[in-house]
Structure formats: C-alpha cells, structure tokens
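This report concerns only the one structure given below.
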Amino acid sequence: MNNKEYISELSQRCGYSLDDTQKLVRRVIESMAQRFDDGDGVSVDDFGVFEVKKRNERIVVNPSTGQKMMVPPKIVLAFKAAPVVKRMLNDKSRNDKSE
C-alpha cells in the first residue's frame, strides 16, 4: 500500500475528506519526526514503540577483498511492535499457511 492508497483508505474509514486526512497524516509524521530529531521515542498504544538508537562504530570486513573497514557511529530509528500486533501477524501467518 502506498501513501495515496493509505490516505484514501483512512479517509473512508474516518469519514474525513482526502485533503483533511492528508493534512492530518502529514502533521502526525512531522510531529513524530520532530520527536526523533530531539532524540526521543514515540509510543503508540496497541501498535508499538519507535526508538532513536545510536549504533556504535564497528569494524566490518569486505567479503570480496577481506579488507577491514571502520564503520562510523550513526543514529538509527528502531521499531518494536506491540504484543497485540505480533499476535495479529502470527495469527494471519498461521491462517495463510493452513489454506
């Protein structure tokens, strides 16, 4: 599902216009991005937690040449799904396999 399809489906489910729904989604994303930029995480009940984490520098080996290289530290965004989301995905996976 792409952004346009998501906005359309959300608009229909909530009864808002496409324009209002798009503005709302944009504001939510901007708000979350600001929190991430500040180094804070965002928790969404019954969905999961987005966390800003720092990856330390590390040594990696190029498999083609065997050359060792230092990868600098970087900031990454991690997501941990809530138990209800994990259960839903696992139940769907089990149902798909049984068909």
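The H on the amide N of residue 41, modeled in the peptide plane, is under 5 Å from the matching H of 52, each at least 5 residues off or on a different chain.
For region 49-98, the square roots of the Cα gyration tensor eigenvalues, ordered a ≥ b ≥ c, give a/c of at least 1.5 with a/b no greater than b/c, which places it in the oblate category.
Helix 3-14 and the long axis of the chain differ in direction by around 40°, with both axes built from C-alpha atoms.
Compute the helix-to-body angle for 18-37: its Cα long axis versus the longest principal axis of the chain, expressed 0 to 90° and rounded to tens. Roughly 30 degrees, rounded to the nearest 10.
For the chain, relative contact order (Cα pairs under 8 Å, six or more residues apart, normalised by length) works out to 19 percent. Over the chain, dividing the summed -39,500 (n - 2.57) contributions of all DSSP H runs of at least 4 residues by the number of residues returns a 222 nm mean residue ellipticity of -16000 deg cm²/dmol.
The structure-derived value of Rg/Rh (Cα atoms, Kirkwood Rh) appears in the list [x] 0.94; [y] 1.13; [z] 0.98 under the label [y]. The packing ranking, built from the mean of other Cβ atoms within 10 Å per residue, places the peptides 23-29, 57-63 in the order 23-29, 57-63, highest first. Ordering 15, 77, 3 by the projection of their Cα atoms onto the charge dipole of the chain, which places +1 on the Cβ of Lys and Arg and -1 on the Cβ of Asp and Glu, puts 77 at the extreme positive end.
Between residue 52 and residue 17, the C-beta separation translates, for a Förster distance of 41 Å, into a calculated FRET efficiency of about 0.75.
Taken together, the values in this text are just the output of simple stated rules run on the coordinates, not laboratory data. Small disclaimer: the values here were computed from a predicted structure and weren't measured. Glycine also receives a Cβ, built like all others from the backbone with ideal geometry; neighbour counts cover every protein chain displayed.
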